[in-house]
Amino acid sequence: MKKIISFSGKGGVGKSTLLVLMLKYLLDKFKDVDILVIDADPDANIGDIIGKEIHFKETIGGKMAEFKQKIQKRLIPLDVSKDQIVESEVFDSLIETDQFDILEMGRSEGEGCYCSINNYLKRIIDILAKNYDFVLIDAPAGLEYFSRKTGQKVTDLVIVSDPSKMGIHTMKRILEITKEVDLQFENIWILGNRFPENSIRDILEKEVLSIKEDHVKLLGFIDNSDEISRMNIVGENLLQLPTETKAYKTAKQLFAEII
Ligand SMILES: Nc1ncnc2c1ncn2[C@@H]1O[C@H](COP(=O)(O)OP(=O)(O)OP(=O)(O)O)[C@@H](O)[C@H]1O
Ligand SMILES: [Mg+2]
């Protein structure tokens, strides 16, 4: 089985949190699988959520900055292409833990914006994905970097929405972008996060029903969890969320639809 799963949605809706819950689910379910987490959000916080400090020097952005300095000091021949640089830095930037690997994109310092790094995301997925059973991507708001068609395809796009007008609006906007730039996913899953168990859920459900595309499905709802809030505030590793926590039990059931 090979899945490349990307999480997107409005800022703050719970993308990183749900990615980590999926990571926990995969680690609980499978004994021996190779998992890569790509943190492509410039305001990166996967490390924070799993209690792992990641220094700028360890990120793709950090490595690129180091490389630029070397070029300026003429320690590297000028005819090396940016593509070659990225390729060599990617493997060097893999952060290995006992159970999975992390690739932290980080920011590019100085001129240009972080997009210059994220332009390489697609390429990075191509380079790395073949070595893993599961690749989980925490993506920044846009989806532009999926638009260049290359080998490795993101199989599942999970669009997270919270119970807010803007959350749902962004979800719909992301769906529009996937059509505009003709992005092909095997499945697009809409996941309601922090939804109370009442008729508010019907609103998102209706929105998804009105989309009428076979590959766009409502995955379900996860409720607001006091335990997740607590762990976040005190800075505990979310991978250690007790398995009997209701939000995790629900997440497990929902994720079983994907994997
Ligand atoms: N189901 C939940 N129950 C309680 N708290 C939650 C839940 N989901 C997310 N949160 C909390 O909401 C906040 C935002 O979550 P998270 O950082 O995962 O969102 P995000 O979409 O990744 O944000 P960003 O766009 O800034 O990267 C965090 O404090 C997180 O602990
Ligand atoms: Mg995040």
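The values are calculated or read from the model by the stated rules, or taken from the named source; none is laboratory data. This structure is a prediction, so every number in the text was calculated from the model and none was measured. Because the Cβ atoms are built from the backbone with ideal geometry, glycine has one as well, and the counts that use them run over all protein chains shown. Calculation scope for accessible area: heavy atoms of the full protein, side chains included, ligands and nucleic acids excluded. Shrake-Rupley method; radii C 1.70, N 1.55, O 1.52, S 1.80 Å.
Tabulated values for the structure
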{"item": "Ellipticity estimate at 222 nm from DSSP helix runs (n ≥ 4, -39,500 (n - 2.57)) divided over the chain, nearest 500", "result": "-12000 deg cm²/dmol"}
{"item": "Rounded accessible area of Thr245 (nearest 10 Å², 1.4 Å probe)", "result": "20"}
{"item": "Pairwise Cα inverse-distance average, inverted: Kirkwood Rh of region 3-258 (Å)", "result": "19.0"}
{"item": "Solvent-accessible ranking of Ile54, Ile188, largest area first, probe 1.4 Å", "result": "Ile54, Ile188"}
{"item": "Accessible area in the full protein assembly, largest first, 1.4 Å probe, for Lys212, Lys82, Lys73, Lys252", "result": "Lys212, Lys73, Lys82, Lys252"}
{"item": "Area accessible to solvent at Glu176, 1.4 Å probe radius, in Å²", "result": "90"}
{"item": "Under 5 Å, built H, 5+ apart or other chain: amide partners of Gly51", "result": "Leu238"}
{"item": "Student exercise, the chain dipole from Lys, Arg, Asp, Glu Cβ charges, in Debye to nearest 20", "result": "440"}
{"item": "Residue (of Val20, Asn187, Gly220) at the positive-pole extreme of the chain, dipole from beta-carbon charges", "result": "Asn187"}
{"item": "Cα long-axis angle, helix 200-209 against the chain (0 to 90 degrees, to the nearest 10)", "result": "70"}
{"item": "Rounded percent of accessible protein surface that carbon and sulfur make up, region 3-258, 1.4 Å probe", "result": "48"}
{"item": "In order through region 87-100: 3J(HN,Hα) via Karplus (6.51 cos²θ - 1.76 cosθ + 1.60), integer Hz, x for Gly, Pro", "result": "4, 6, 6, 4, 5, 5, 8, 5, 9, 9, 10, 4, 10, 7"}
{"item": "From phi via Karplus (6.51, -1.76, 1.60), per-residue ³J(HN,Hα) for region 19-34 in Hz, x at Gly/Pro", "result": "4, 5, 5, 5, 4, 4, 4, 5, 5, 6, 7, 10, 7, 10, 10, 9"}
{"item": "Relative contact order (%) - criterion: Cα under 8 Å, at least six apart; region: the chain", "result": "28"}
{"item": "Solvent-accessible area of Val37 with every protein chain in place, 1.4 Å probe, in Å² to the nearest 10", "result": "0"}
{"item": "Table column - 3J(HN,Hα) (Hz), region 61-74, Karplus curve with 6.51, -1.76, 1.60, x for Gly and Pro", "result": "x, x, 5, 5, 5, 4, 5, 4, 4, 4, 5, 4, 7, 6"}
{"item": "DSSP bridge pairs, region 3-258: antiparallel proportion in percent, nearest 5", "result": "5"}
{"item": "Net lengthening on full extension, Val33/Phe56 (0.36 nm per residue, minus Cα-Cα)", "result": "5.5 nm"}
